[in-house]
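The values are calculated or read from the model by the stated rules, or taken from the named source; none is laboratory data. Please read these numbers as outputs of a predicted model, since none were measured by experiment. So basically every Cβ, Gly included, is an ideal-geometry build from the backbone, and we count neighbours across all protein chains shown.
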Amino acid sequence: MFTLDKFRSYLLGSKIIVFSDHVALRFLLKKPDAKPRLSQWMLFLQEFNIEIRDKKNAENSVAGHLSRIEQEDDPMPIRDEFPDEQLLHIAMPTPWFADICNFVAASQFPPEASRLYKERLQNDAKYYIWDDPYLWRLSSNQVIRRCILDTEINSVLQFCHATPGGNHYGSTRTARKVLDCRFYWPTIFRDAFSTCEKCQKAGMAISRRHEKPQQPILFYEVFDVWGINFMEPSQSPMDILMFYYVSRWVEAIATKTNDAKVVVDFLKSNIFCWFGVPKVLISDQGSHFYNRAMSSLLHKYGVVHRISTVYHP
């Protein structure tokens, strides 16, 4: 019964065959009238798919031998002495507020403290309140904040910066959240800056100060705005160049002169016939672009002529 109860979770749902030289076990499940203890055993055995088979004592020598082995008790002696006492020693770092706490609670200065350090300690102690077991810092706005140990600083910063409520803010906002949680230590802002520098998500975030300036989107149809200019290489002939402002599509031909007639013929044969009449034409203030022939042509087809600076058509 002890074995079935011990390994119950492993034996449930499995076929169990028990070999025993105790003949009375076969009739245990079939006995009609039983004592309360036997009835309890029978109810317990009904949970298992168990079959009890008789095995002669001569054939069951291994199990019989194991059951008759005498076990000698070998208790270990109790050791009253513990030679390695350093195993019980836990090195705890001294809190940053240990000297202030000792002075506020018991008016004790640290040993071998200089006169300047004692005066500074007396001056700083005015802003601290001892309420066993915590030391509290009184701020200028009359809000008290609990002074925490050095071992707790990292967990507090991670809670205020990286938890779902922290939202990976910058160092200043993280430090403000620490102060709002009523915690204090002298290097809050410096430690918050170090924590934010190590955070990958905070480094990937971009503030408005670091955003690139937004560029306006040109709402034009295809080939509505063209720019035109002459390119003067070191050797003739010259090239007349036109480019589409949105996609920077370029149309160019080689010319011997750069007068108004060449520009008008180029617009008619290479631009108007192939790409349609544009809405806006941008050029510089050169005489080959800004003249009577160009004005009449553009006015005839309803093209707006925009004049730019000399080197920025």
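Some observations on this one:
- Scanning the range 256-268 for residues that are among the β-branched types (Val, Ile, Thr) and touching a residue at least 24 places away in the same chain (Cβ under 8 Å) yields VAL262, VAL263, VAL264.
- In the range 1-36, the qualifying residues are those that are of a type in the set (Lys, Arg) and modelled with pLDDT of 75 or more, and the one that is farthest from VAL62 (Cα to Cα) is ARG8.
- Matching option when the condition is at pLDDT 90 or above and among the charged types (D, E, K, R), among ASP265, ASP259, ASP284: ASP265
- Residue, farthest from the chain's Cα centre (by Cα), within the range 133-187, restricted to residues that are of a type in the set (Gly, Ala, Ser) and part of a loop (DSSP other than H, G, I, E, B): SER140
- The conditions of being out of contact with any Cys (no Cβ under 9 Å at 6 or more places or on another chain) and either part of a loop (DSSP other than H, G, I, E, B) or on the phi < 0 side of the Ramachandran plot (or both) are met by PHE109.
- Just one of the listed residues (SER287, SER296) is more than 15 Å from TRP226 (Cα to Cα) and part of a helix (DSSP H, G or I), namely SER296.
- Qualifying residue in the range 74-82 (condition: in a loop (DSSP other than H, G, I, E, B), at pLDDT 70 or above and within 20 Å of PHE2 (Cβ to Cβ)): no
- Cβ separations smaller than 9 Å between residues 6+ apart or across chains give the following pairs from the range 1-28 residues that are under 12 Å from ASP54 (Cβ atoms) to residues that are at pLDDT 75 or above and charged (D, E, K, R): ILE17/GLU51; ILE17/ARG53; VAL18/GLU51; VAL18/ARG53; PHE19/ARG53; SER20/ARG53; ARG26/ARG53.
- Scanning the range 83-100 for residues that are in contact with a strand residue (DSSP E or B) (Cβ under 6 Å, 6 or more places away or on another chain), hydrophobic (A, V, I, L, M, F, W, C), modelled with pLDDT of 80 or more and under 27 Å from ILE148 (Cβ atoms) turns up at least one hit.
- If you check LEU116, LEU121 for being in a helix (DSSP H, G or I), touching an Asp or Glu at 6+ places or on another chain (Cβ under 7 Å) and more than 17 Å from CYS196 (Cβ to Cβ), only one passes: LEU121.
- Residue match in the range 255-269 (condition: within 57 Å of the chain's Cα centre (by Cα) and among the hydroxyl-bearing types (Ser, Thr, Tyr)): no
- Answer residue from the range 250-276, given it is among the aliphatic types (A, V, I, L, M) and in a strand (DSSP E or B) and is surrounded by the most Cβ atoms within 10 Å (Cβ to Cβ) among those: ILE253
- Of all the numbered requirements in (1) assigned to a loop (DSSP other than H, G, I, E, B); (2) of a type in the set (S, T, N, Q); (3) modelled with pLDDT of 80 or more, SER247 misses one, and that requirement is (3).
- Some residue of the range 290-306 being in contact with an Asp or Glu (Cβ under 6 Å, 6 or more places away or on another chain) and either among the aliphatic types (A, V, I, L, M) or modelled with pLDDT of 80 or more (or both): no
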